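Please treat every number below as a calculation from the coordinates, not as lab data. These numbers come from a predicted model, not from an experiment. Virtual Cβ from ideal backbone geometry, glycine too; neighbours counted across all protein chains shown.
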Amino acid sequence: MPSANPILDKRRAGVLLHPTSLPSGDLGADADAFLDFLQAAGLTVWQMLPLGPTHAERSPYHCLSVHAISPSLVSLGRLVERGWLKQAPVAGDVSARRAALQQAHAGLQSRAPAQDRAEFDRFCTEQAAWLESYVLYRALREEQGEKPWWEWPTALRDRETKALAEAENRLSRRRGELRFQQFAAGTQWHALRAQAQARKILLFGDMPIFVAHDSAEVWAEPQRFKLDALGQPRVVAGVPPDYFSAGGQRWGNPLYDWEFMRAHKFSWWVGRLATELSRFDLVRVDHFRGFEACWEIPASEPTAINGEWVSAPGAALFETFLKKFGRLPLVAEDLGLITPEVEALRDRFGLPGMSVLQFAFESDAENPYLLHNIEANRVVYTGTHDNDTTLGWFDELSDDKRRRVREYLANRDEPMPWALLRAALMSVGRWAIVPMQDLLGLGAGNRMNRPGTGTDNWGWKFAWPQVTPDLAPRVRQLIELYGRLPESTASADKRG
């Protein structure tokens, strides 16, 4: 079995916060200030959700592209600093924001230094493998009133050569603007990563196993998915009934034609992981069990109940990853119904799994998420983006369950969420990750997502006044107490 990537060797603590949950929601000054907070608190991991451009419901797990970065993350203030934009509009004005991005593109072309224009040209050339299909797809989607690609005129839906050539010519200007959006987002992202590296903070990304049906990748290469001649899925993804939903979850994503993928040496997946590893130090593989077997639901079924498990070539895929990337800086999201076969696949490649403490009190002493059952090669969470905040969760428990939690944690006085936060930090799991909501002690009404619902999700933001002056020292004291401050970081902080 390959050993875990060295990046996972040291005990660390981190925070889960998507950039959209920063007060500004973008990669500007608030992102830098958040890195300063992490450094002061001794938190050396910043975990995020997927970065892609989302559909209307804003789910980062249902994106218009698996390679692109959401243009909503572009800081207009940073564009002003570069001299590409003269003035940033008032935050929150969507039409003004779009106009500002167009103006910044024009500014890059007309008055930016030659070095900036050369950098843009280099980006377009280096990223062309995904960028060109993405910008054409987005431009066509706008032209077609944001309809999904399978509702476009047949020639465009089926990517007929003449129709695509005409569209490329007709939409040339808009495609250039969309390329610029990705250049701006990528430039700001890598500046943020450099800032994180300077503070010895690791960026922890998230790679969903499935892609949205209405996405650049499915439109550009439908042969890689189980679709019919009209571009409709024959089967869709989901999960059977579980902790989150008594009726299961019908996600609706198209499923892969794994035999086609294997025949082409998993090149699509290699390219996808290469994008993630160019942006992050570590990547969470969402729904890892789907690489051993996927829950296939006939597309005609309205719920997830009548699906079946269908095997997937996860071992062959991860062997390909090993050959291409070496030891893998990946974490397996192994929550839910996990079989011995899934565990064997995870362990074969030395991947850490996840342990969520909010799940620890649903059964008896054999519960795998209780502290005494957690192993070192785990990433331990109080909760995830799919859970309520720890305080909200605890307040909803019955009196008996609350007493059981208190008795198990052997601390009847420390308030929630700090009692569970302390448990995560003291665990033997090498990494402990806490959602920002828990660090702020927030209760019900502050969760990021409610699985199985389609409204009022993904919009949570924190405000800087919630980050009180005593928070960073309090967190850092616990991190030091439980040995989660890497020596190199501690030494650097002392020198500073």
Open item on the list: Report the Rg/Rh value for the chain, based on alpha-carbon coordinates and the Kirkwood definition of Rh.
Closed with: 0.96
Task: Tail weight of P(r) past 20 Å, computed on alpha-carbon pairs of region 281-405, percent - done: 54 percent
Open item on the list: Please state the shape class of region 37-132: rounded when a/c is under 1.5, otherwise prolate if a/b exceeds b/c and oblate if not, all from the C-alpha gyration tensor.
Closed with: rounded
TODO: Could you tell me what % of all Cα pairs in region 172-299 have separations over 26 Å?
DONE: 38 percent
Task: Antiparallel %, DSSP beta bridges [both residues in the chain], to 5 - done: 35 percent
TODO: Provide, in order from the shortest bin, the percent of all Cα-Cα pairs of region 202-276 in each 5 Å bin, continuing until the bin that contains the maximum pair distance.
DONE: 3, 13, 21, 22, 18, 12, 9, 2, 0
Open item on the list: Taking 0.36 nm per residue of sequence separation and subtracting the Cα-Cα distance, how much length would be gained by fully extending the chain between A106 and A29, in nm to one decimal?
Closed with: 25.3 nm
Task: Label-point separation in nm, R173 to H55, each point 7 Å along Cα→Cβ - done: 3.1 nm
Open item on the list: Let's test the formula: R0 of 51 Å, r as the Cβ-Cβ distance of A263 and E375. What FRET efficiency results, to the nearest 0.05?
Closed with: 0.85
Open item on the list: Under the 0.36 nm per residue contour assumption, what length would be gained going from the current alpha-carbon distance of R327 and T339 to full extension?
Closed with: 1.9 nm
Open item on the list: For the chain, what does the helix formula give at 222 nm: sum of -39500 (n - 2.57) over DSSP H segments with n ≥ 4, over the residue count, nearest 500 deg cm²/dmol?
Closed with: -12000 deg cm²/dmol
Open item on the list: Let me confirm the definition first: pairs of Lys residues in the chain, 8 or more apart or on different chains, C-alpha distance under 18 Å. How many are there?
Closed with: 5
Task: Prolate/oblate/rounded label for region 192-246 (Cα gyration tensor, a/c 1.5) - done: oblate
Open item on the list: Using Cβ contacts closer than 10 Å as the measure, can you line up S267, S65, S300 from fewest to most?
Closed with: S300, S267, S65
- [ ] Quantify how much of the Cα-Cα distance distribution of region 70-201 extends past 27 Å, in percent.
- [x] 27 percent
- [ ] If a/c stays under 1.5 just call it rounded; otherwise compare a/b with b/c (prolate if a/b is bigger, oblate if not). Do that for region 85-161, with a ≥ b ≥ c from the square roots of the Cα gyration tensor eigenvalues.
- [x] oblate
